[in-house]
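The numbers here are math on the coordinates, done by the rules we state, and not lab data. The structure presented is a predicted model; accordingly, all values stated were derived computationally and were not measured. Heads up, the Cβs are rebuilt from the backbone with ideal geometry, glycines too, and the neighbour counts pull from every protein chain shown.
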């Protein structure tokens, strides 16, 4: 199977994204270890109730990506709190991957993404 | 109107004592009510509910002048406190809340309203005390959760952060479960 997108990336790539979901600071961690290359990564909104009640958590979502780069068969694999699941699924649904050339087979392996919802002290340096 | 003002308005509306429909009842009687007994208190509460703070305060003050029962006066002063907070007349609001609590020290809405006054005055210790009192009286009140959140945001503000982890071995942090 031909792998894409894994050759030239550093072990961990940290990207601070300014065009984030409302008021959230967004950080991306990548190691280039996945079959498909992200094209447009949408960050989930931090649920208002979770923010209000100071709840943090993680959600891992796994899915297939079609030839055009659209995620489908999206499912939560792990979740520490259900309040984060819907925003995570919505974010995946809105995200896109690079389309595959016609001569390249669509990988059968699922792609997974973990969202970590955190609250940082606003008074810290 | 800023988000903070909007949130405050929503919280205050949730904190209004139910003068409408109960005004005029004596403390321990009158299970059947045919219309509000104190029209001004009821209209004042209705005005405050739709955010008409000036009308709400005026009508509530007029209603309080003729309020007979202790229950009406408690609801009236508590609503007056809420309306005055909306108008940013904090010292008067505090006085109204104090009057309500002098009449009934178990009135959770008055604690909740007074906590908002203290928050706006940045008197956080007193706000915390009233929020705690309120939680003891009505722990499930939705308004209370909002006020608790406003208190936390005031004394320990946080900002949300999302980490998108595409690493192959990424798994949810078990410590969060």
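Annotations
- Pairwise FRET efficiency - residue A:82 versus residue B:66, Cβ, R0 = 51 Å, nearest 0.05: 0.50
- Gyration tensor verdict on the range A:15-125 (Cα atoms; rounded if a/c is under 1.5, prolate if a/b is larger than b/c, oblate otherwise): prolate
- Highest-first arrangement of B:68-74, A:97-103, where packing means the average Cβ count within 10 Å: B:68-74, A:97-103
- Peptide A:83-89, shielding by other chains (average Cβ, 10 Å cutoff): 1
- If R0 is taken as 41 Å, the Cβ-Cβ distance between residue B:140 and residue B:168 corresponds to a FRET efficiency of 0.40.
- Approximating the spin labels as points 7 Å out from Cα along Cα→Cβ, the residue B:132-to-residue B:154 distance works out to 1.6 nm.
- Take each residue in B:148-160, count the other chain C-beta atoms within 10 Å of its C-beta, and the mean is 5.
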